[in-house]
Amino acid sequence: MPTHEPRSLNPARPIPLGGAAVLFLAIFVLDAVSLLVAFHGGAMVSVWTANGLAAGVLASVPRRHWPLLVATVFAALATGQYVALGALRADHLVLILADLVEILVVSAVIRRYQPVISGETSGYLRLGRVAIIATLAGCIASTLLATGAQQMVNGGALIVSAQQWFRAHLLGMVIVGMLTLVAFRERGRMLGPPGKRLRMLRDVVVLFAITLGVFLQARHPLLFVLFAPLLYLIFQYRFPGLVIGVAIVTLVANVSTTLGTGPFALIPTTDRTEPALLAQIFLGIVCLVTVPVALALADRQRLTTQVAESENLYRLLADYAGDLVVRIADDGTRRYVSPSVKDMLGWTPEEFATQRDALIHPDDQERVRVVLKRLRETGNEPFVRFRVRNRVGGHQWIEALGKLAPSPDHPGEVEVVYAGRDVTERVLAEEALADSEKRLRTITDNVPAVIAHIDTEQRYTFINAYASEVIGREALLNIGHTVEQMRGPVVYALLKPHIELALRGKATTFEYDVLAGEQHRYFQATYLPAITADGETSGLYMLTTEITRIKLAEQKLDFLAHHDALTGIANRLSFRERIKASIQHASITHGPLLLLMIDVDHFKQINDTYGHAAGDLALVEVAARLRANVRKTDLLARLGGDEFIVLCRDVADVATARQLAQKFIDAMQSSVSVGTASLKVTLSVGGALCRDIPSSDALIQRADEALYQAKDGGRAGYRIVTDCD
């Protein structure tokens with residue numbers, strides 16, 4: 001079928017000044033003639049044609065030409081008023097302004113809602129609807145403006161009544177405006193399709209002759225005779241026939257009514273407005289009868305074209321598409337098989353049509369029959385996948401979608417039409433993918449780590465079975481739920497920053513702990529962004545491993561590294577780290593530090609007399625009593641052998657230092673039980689209370705010197721020094 005490019009209502013080239021001159025002349029003649037007829041006939045003309053012509057032109061040209069053309073129309077209307085009436089009064093100008101308002105409203109609405117006519121039929125259907133609405137709006141606006149302004153100018157006297165104005169202008173817009181629009185659209189085709197122009201001219205002449213015959217006599221009311229040739233013209237030539245035919249009838253009816261002849265003269269009356277009213281009613285009926293017929297014919301032509309195109313497209317697709325198209329009757333007969341079966345399965349359409357179910361794999365035949373039965377009973381359109389034997393004896397997977405459709409060559413019957421495509425490669429790939437996923441699931445479910453995927457909304461889409469051991473419930477229950485819902489607000493607060501980082505495309509590894517009952521469980525997590533093929537982030541992968549045993553072992557190793565294995569108190573390493581930090585803090589705050597060095601008196605004699613085991617027991621007891629007497633902020637450490645040390649902060653004066661030292665000595669007043677023996681164990685304490693100490697070694701040296709002074713003083717006592725220079 002031929003196609004038509006969308007045509008704008010605008011002509012391709014600008015309107016020259018010559019075109020404006022032609023418009024001026026046409027509007028001037030129509031306006032002057034109409035006014036002369038109204039003036040001499042005593043009634044307004046049945047159809048006001050000037051506005052329809054002007055609106056049709058404006059709606060068909062670019063808006064950049066509107067100022068020139070609107071000025072041309074105004075000048076033509078004013079000139080026509082002056083020539084016909086011999087004057088140009090204020091009330092005449094009011095009517096001209098009303099005409100311009102009508103013209104501009106109709107043109108603007110059509111240009112706004114129908115700037116392009118796309119095709120021979122659908123464009124006219126929409127144009128018809130838009131033009132009717134625009135015409136009603138414009139004529140109502142001009143009627144209100146004309147009658148209202150006349151009352152203001154003439155004090156209530158009307159040159160023309162609202163009814164006369166509205167009817168004449170409405171018919172003028174519908175008939176002449178439509179004629180102008182179609183003429184601009186069709187251009188040369190207004191004279192008929194190529195090769196049929198003489199025939200169209202003949203038919204137009206016949207209509208004109210019949211119309212003249214009806215209106216040149218006043219003896220018989222033969223108006224109905226006009227409808228046959230007019231409708232024939234419409235049936236043959238669509239919209240060009242409509243506008244030309246209606247224009248001929250309108251022209252002859254107007255002239256006849258003005259001259260007082262024709263069928264309307266059969267009514268005896270002295271009122272010259274009644275024939276004009278009857279002419280308007282007649283022309284309105286002509287429009288009401290012919291315009292819907294033209295629109296219906298256009299719609300029928302559009303539907304016929306669509307059906308023809310659909311049939312051609314169907315045949316093209318069925319015969320040349322790669323999919324297999326089959327029509328199946330109620331009894332299972334294949335009435336049509338597309339030629340694509342040859343390329344797909346190796347069968348000719350005739351061979352495939354005659355073998356029925358024999359070609360379907362035995363394991364799939366019952367399933368196909370059930371689907372076809374359900375399709376015929378319910379009308380549902382299910383996909384079905386089944387295997388079909390090819391020409392060489394193998395089987396290929398076909399995926400088909402069936403629909404119910406009326407039979408094109410068996411009236412009254414409903415057939416199943418299905419389109420099938422070869423999905424063998426897809427099925428094999430899906431089976432391989434399913435096997436791969438099964439292996440992957442087996443691996444991930446047995447890996448001692450939580451493996452999961454969440455989407456961009458932080459919802460779980462995958463999680464392995466091992467997660468059940470970590471989260472304490474069935475892992476698959478997480479699917480579809482958010483991380484916050486499944487892990488709780490406390491744990492989610494720890495995970496959220498890392499989730500957001502991974503969703504921004506950055507990998508992250510971190511550790512966190514969760515309190516389960518009274519025990520802490522430690523985890524190490526790695527979050528990796530999930531990136532699609534086009535580089536977008538679709539979520540993230542989570543790999544979470546429980547490291548509780550490792551953490552506990554690390555904590556134990558850290559404890560052993562910083563604590564004395566015999567007594568359980570801090571060791572030399574812990575003391576070195578603590579005193580270094582304390583001296584740095586004291587250098588900033590200028591606060592005092594007290595270091596107490598403690599030795600067990602005559603410890604070698606205990607080892608020699610009772611053995612090393614007894615000595616160890618004595619050291620454990622000494623450490624326990626010292627620990628019971630140190631402050632929470634103090635550090636008690638064993639440097640080795642029988643040497644203990646206490647580091648104290650916030651000791652403001654010597655008196656406090658002496659009280660602490662005496663407290664340690666007094667702690668050993670009671671005997672220490674070693675096996676069956678009871679030993680008297682005493683301590684010697686040397687302390688250094690210093691400010692602005694330069695180094696830890698200097699502080700240790702001063703405390704050590706004080707310790708030797710205590711020992712020289714008889715042991716079981718203390719010495720405190722404050723001179724740290």
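FYI, it's all coordinate maths here, none of it is from the lab. All of these numbers come straight from a predicted model, not from anything done at the bench. Cβ atoms come from the backbone with ideal geometry, glycine included; neighbour counts cover every protein chain shown.
Within segment 233-260, what residues put their amide N at less than 13 Å from the label point 7 Å along the Cα-to-Cβ vector of ARG300?
Residues 233-238 qualify, since their backbone N sits under 13 Å from the label point.
Note down the Stokes-Einstein diffusion coefficient of segment 518-558 in µm²/s, whole number, using a Kirkwood radius over alpha carbon pairs, 25 °C, and 0.890 mPa s.
For these conditions, the coefficient is 196 µm²/s.
Picking from PRO592, PRO193, ALA553, whose Cα lies most toward the positive end of the charge dipole for the chain (charges on Cβ: Lys, Arg +1; Asp, Glu -1)?
It is PRO193, whose Cα lies furthest towards the positive end.
Which are the unpartnered cysteines of the chain, meaning those with no other cysteine Cβ under 4.7 Å from their Cβ?
If one checks each Cβ against the other cysteines of the chain, CYS139, CYS287, CYS648 turn up with nothing under 4.7 Å.
To the nearest Å, what is the center-to-center distance of segment 540-577 and segment 440-485, using C-alpha atoms only?
Rounded to whole Å, the Cα centres lie 31 Å apart.
Once amide H atoms are placed 1.01 Å from N in the peptide plane, what residues at a sequence separation of 5 or more from HIS481, or on another chain, have their amide H within under 5 Å of its amide H?
Long-range HN contacts for HIS481: TYR460.
Just want the answer: with Cβ charges of +1 for Lys and Arg and -1 for Asp and Glu, which residue in GLY393, VAL130, THR444 is farthest toward the dipole's positive end in the chain?
Towards the positive end, the residue furthest out is VAL130.
Please go through the residue pairs LYS438/LYS551; LYS556/LYS580; LYS551/LYS580; LYS506/LYS551; LYS496/LYS632; LYS632/LYS680 and name each one whose alpha carbons sit more than 31 Å apart in this structure.
LYS438/LYS551; LYS496/LYS632
Packing-wise, with mean Cβ within 10 Å as the measure, how do 423-430, 20-27, 702-709, 167-174 rank, highest first?
167-174, 702-709, 20-27, 423-430
With point charges of +1 on the Cβ of Lys and Arg and -1 on the Cβ of Asp and Glu, referenced to the Cα centre of the chain, which listed residue (GLY568, GLN605, HIS220) lies farthest in the positive direction of the dipole?
Positive-end residue among those listed: HIS220.
Residue by residue through segment 396-408, which ³J(HN,Hα) values in whole Hz follow from phi under the Karplus form 6.51 cos²θ - 1.76 cosθ + 1.60 (θ = phi - 60°), with glycine and proline marked x?
Once θ is set to phi - 60°, the couplings for segment 396-408 become 10, 7, 10, 10, 10, 10, x, 9, 8, 8, x, 5, x Hz.
Consider a paramagnetic label point 7 Å from the Cα of ILE550 along Cα→Cβ; state which residues of segment 473-488 have an amide N under 13 Å from it.
From segment 473-488, the list is empty.
Using Cα pairs closer than 8 Å and at least 6 residues apart in sequence, work out the relative contact order for segment 563-721, in percent.
29 percent
Counting pairs of alpha carbon atoms under 8 Å apart in space and at least six apart in sequence, what relative contact order in percent does the chain give?
7 percent
If Lys and Arg each add +1 and Asp and Glu each add -1, what is the summed charge of the other residues whose beta carbon sits under 13 Å from the beta carbon of ARG649?
+2
Using a simple charge model, +1 on the beta-carbon of Lys and Arg, -1 on the beta-carbon of Asp and Glu, nothing else, what dipole does segment 563-721 show about its Cα centre, in debye to the nearest 20?
Once rounded to the nearest 20, the dipole reads 320 debye.
Contact order normalised by length for segment 447-552, with contacts defined as Cα pairs under 8 Å and 6 or more residues apart; what percent is it?
27 percent
Determine Rg/Rh for segment 620-725; Rg is computed over alpha-carbon atoms and Rh is the Kirkwood hydrodynamic estimate from the same atoms.
Rounded to two decimals, Rg over Rh is 0.97.
So I have [x] 80, 66, 51; [y] 162, 87, 42; [z] 110, 68, 57, and one of them is Cα extents along the principal axes in Å calculated from this model. Which one is it?
[y]
How large is the charge dipole for the chain, taken about the Cα centre, if only the Cβ atoms of Lys, Arg (+1) and Asp, Glu (-1) carry charge, to the nearest 20 debye?
Computed charge dipole of the chain: roughly 2740 debye.
Extending each Cα 7 Å along its Cβ direction at GLU350 and GLU484, get the distance between those two points in nm, one decimal.
7.1 nm
Residues with amide H under 5 Å of GLN217's amide H, sequence separation 5 or more or different chain, H placed in the peptide plane at 1.01 Å from N; which?
Residues meeting the amide H criterion: GLY262.
Kirkwood-based Rg over Rh for segment 321-425 (C-alpha set), two decimals?
With Rh from the inverse mean 1/r over Cα pairs, Rg/Rh is 0.94.
What list of ³J(HN,Hα) values in whole Hz, one per residue of segment 221-228 in order, does the Karplus curve 6.51 cos²θ - 1.76 cosθ + 1.60 (θ = phi - 60°) give from phi, with Gly and Pro shown as x?
x, 9, 4, 4, 5, 5, 5, 5
Local charge sum around ALA667 (other residues, Cβ-Cβ under 12 Å, Lys/Arg +1, Asp/Glu -1)?
+1
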